[in-house]
Amino acid sequence: MFFSLEVENFRSIKERQALTFQRAGNGSESRLDLGSDTAGGDLTPVVVLFGANASGKSNVLDALKYVRALVLGSADREVGKPLPVQTFRLDEKSREAPSSFRIRFSTAAHEYEYEVSLQDGIVVSEWLGEHVRNTTRRSVRTLFSRRVADGKSAITVSAKLRGSKKAIIDATRDNMLFLSKAAKENFEPLMDAYHWFIPADSSTDPVNLFDEDPKFCEWVLQLLGSADLGVSGIRIKPPSQRPPQELVKMLAEDDDSESLADAEQRLMKANRRPTLSHRAIVDGVLTAEEIPWNYESLGTRQLWEYAGGIYSALKNGTLLLLDEITGLHPLLLKEIIMLFQRKSTNPNGAQLLFSSHDVTLLGNWGGLGFLLDRDQIWFTEKGNDGITQLYPLTDFSPRSEENIEKLYLQGRLGATPILGDLVREAPRE
């Protein structure tokens, strides 16, 4: 489960900003009409970011993705190659300052806090703590810590973590995370924390899932059928043309053990596409016709791309990040959100964090009921100084039945574009 993120000096985020999935009143103030079928508990299953274009919504999501990428891949960084760091660029002091990230999360076995700071392409601090609670109080035990002093990195690992540690410490360069290196060396005591960073949509290409998981076949057919009532079947088809032989040769040369035939087969498999069967009544007769994938609507194709991550998150109880969900009808987006909001469809505690401009999500759907609780709505706003501020709707203490959509569009909650006169006069020849 994902508890919170704190980020400082990353892209448009200058001062430390915090996002939390902690429920207001531990969920007792919910306005969703789901009763005992409400998913979550102390933590919400859904958070949505609203804000003007270029206000920093994507940067909040990308901060999480950035830390994930470092944890999962920095151990393979080349010697002497600095880590990519994108600081706040509109202030000279910030350009030279560290970028810091702190994430609190839990697995089935433990609850952790992880913090890392980077400066000039190297790791200047890193820390992993484990929350330990008993019947009376909670404390945080340090599992490892890392600090840079006098140009040298010092890593201290708790004696509680049994196993060979010295070789991993010595092999951890300043352009890699210790957590990443420890996982690469299969250091068992830290693998539980490491696995949390593997994203829900990792290795969940819907084409491969369709081959490997019969339950996904049934699930995705139902999902696509909800978007297009005529969809009656799915078949995965290879590309109609063979790949260019120059590309096949390049792939084979990258792997000396792979033959040209194997490289071509791998390319053909990677470029397979779904083909949907659509029901239709022609001359009074019910028929089904396969439609080429490039003829499908943009919304259908995007829904297929989202499907693997949604299915994997719900199946494994993981966090799914989606930036700017577009191309979907509001009713379909509503159903995707409700897959996470309901305990019956989200029994494993999956969570969804996404950004949106769909203001209908803020209201009560014309009296049909709320999709989002007040503590599930967050805003990003960028000032004239180019700095992103992140804040929750609950800062405004709105009433349960208050029309949040109207308040937002009136600009009373901030996080809306300041339009002015977009066009002062007609273009001239």
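Couple of notes before you dig in:
- Looking across Gly51, Gly25, Gly35, Gly41, one residue alone is under 21 Å from Pro398 (Cβ atoms) and over 18 Å from the mean Cα position of the chain (by Cα). It is Gly25.
- Of the residues making up segment 41-50, at least one is surrounded by fewer than 22 Cβ atoms within 10 Å (Cβ to Cβ) and over 24 Å from Ile325 (Cα atoms).
- Residues satisfying the stated conditions in segment 227-250, i.e. within 15 Å of Glu296 (Cβ to Cβ), touching a helix residue (DSSP H, G or I) at 6+ places or on another chain (Cβ under 7 Å) and not in a strand (DSSP E or B): Ala227, Asp228
- Conditions (1) surrounded by fewer than 17 Cβ atoms within 10 Å (Cβ to Cβ); (2) farther than 22 Å from Tyr112 by Cα; number of the one not met by Lys160: (2)
- Residue ID - nearest to Asp192 (Cα to Cα), chosen from residues in segment 146-163 that are without any contact (Cβ under 8 Å) to a residue 12 or more places away in the chain and assigned to a loop (DSSP other than H, G, I, E, B): Ala159
- When segment 274-298 is filtered for residues that are in a loop (DSSP other than H, G, I, E, B) and free of Cβ contacts under 8 Å to residues at least 60 places away in the same chain, the ones remaining, listed by number, are Asp283, Gly284, Pro292, Glu296.
- Single residue of segment 374-411 satisfying the filter (in contact with a helix residue (DSSP H, G or I) (Cβ under 8 Å, 6 or more places away or on another chain) and part of a loop (DSSP other than H, G, I, E, B)) that is farthest from Pro330 (Cα to Cα): Pro398
- Qualifying residue in segment 324-341 (condition: within 17 Å of Val46 (Cβ to Cβ), without any contact (Cβ under 8 Å) to a residue 40 or more places away in the chain, of a type in the set (A, V, I, L, M, F, W, C) and outside any helix (DSSP H, G or I)): yes
- Among the candidates Glu253, Glu218, Glu258, the residue that is part of a loop (DSSP other than H, G, I, E, B) and either over 26 Å from the mean Cα position of the chain (by Cα) or within 24 Å of Leu314 (Cβ to Cβ) (or both) is uniquely Glu258.
- Lone unmet requirement of (1) surrounded by 14 or more Cβ atoms within 10 Å (Cβ to Cβ); (2) touching a strand residue (DSSP E or B) at 6+ places or on another chain (Cβ under 9 Å); (3) of a type outside the set (S, T, N, Q); (4) in the same structural domain as Arg273 (by TED's automatic domain parsing) for Arg235: (1)
The values are calculated or read from the model by the stated rules, or taken from the named source; none is laboratory data. Keep in mind that what you see is a predicted model, and the values were worked out from it rather than measured. Cβ: placed from backbone, ideal geometry, glycine included. Neighbour counts: every protein chain shown.
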